[in-house]
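Remarks on the structure that follows.
The values are calculated or read from the model by the stated rules, or taken from the named source; none is laboratory data. Note that the structure is predicted; figures quoted are calculated from it, not measured. FYI the Cβ positions are ideal-geometry reconstructions off the backbone, even for glycines, and counts take in every protein chain you see. Surface areas here come from the heavy atoms of the whole protein model, side chains and all, with no ligands, DNA or RNA. Shrake-Rupley method; radii C 1.70, N 1.55, O 1.52, S 1.80 Å.
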Amino acid sequence: MIKKSIFFSFLASLMLLMVGAAGAQTLSKDQVLQGLSTKYRGLGSLQANYRRVASTPTTDQIFQSGASQVATGVLSWERPDKLLLDQASPDKEVMVTDGSTVWWHIPAEKLVYRYRNIDVAGQLKPLMSFLGGLNGLNAAFKVSQAPFDKARPGQHGLVLVPKNGPEGGVDKLTVWCDGNFILTGFRLSSSTGETTDFYLTGFTENPKLARSIFSFKVPKGTEVIEEDAN
């Protein structure tokens, strides 16, 4: 089911989100790793606006269409494994987890998918590795400096390849930050050529987030579909 795979790619993205960034022309790989480790070691929560651009070249060739899928919204995360993806466009959607149950709500279809007993902390292993510090990042990934990307001027990039194989269908993650080590975005790449780019703005460290935003109440008239996370 294509939509289901998109959902888990999206979840995979978030579990990889904080895993690193940087490495352009003015800073070495080690400088960027150390800067990020120092800056985010004590991170307890974050919030940022995102623009997501997904490209599926295999599908584009079949349908002779080069159009990318673009979505925007707000991402909120709280240690250790609470997550909210509040998509605003092109259609309203919400993905939220309290660390145990994941809810994916599609208001236009009056549907909500519920995934129970998910090892969210396990699926967020790359994120946990980054938050654990520089040693955790090097232990989880093969890290190399990313080539210059003209679409991200003035930013520093690192290419992260999971040592234990693909995480959530992601074979490679490229992450970027600015000269102050503020995360500005990341790209998830699969072996079949699909890429998902996230561009982050308004990044806020340690915001006070209401506990209620990580819980979900099924709206009246909405059908609940129980799903297996695998």
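Some values worked out for this structure:
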| item | result |
| --- | --- |
| Failed condition for C177, given (1) touching a His at 6+ places or on another chain (Cβ under 8 Å); (2) surrounded by fewer than 10 Cβ atoms within 10 Å (Cβ to Cβ) | (2) |
| Filter pass, N180 being out of contact with any strand residue (DSSP E or B) (no Cβ under 8 Å at 6 or more places or on another chain) and either modelled with pLDDT of 85 or more or in a strand (DSSP E or B) (or both) | yes |
| Of all residues making up segment 197-212, the number that are in a strand (DSSP E or B) and open to solvent by 30 Å² or more (accessible area, probe 1.4 Å) | 6 |
| Cβ pairs under 7 Å, 6+ apart, first in segment 13-40 and open to solvent by 70 Å² or more (accessible area, probe 1.4 Å), second in a helix (DSSP H, G or I) and at pLDDT below 80 | Q34/L134 |
| Yes/no for D60 being over 18 Å from the mean Cα position of the chain (by Cα), among the charged types (D, E, K, R), open to solvent by 10 Å² or more (accessible area, probe 1.4 Å) and at pLDDT below 90 | yes |
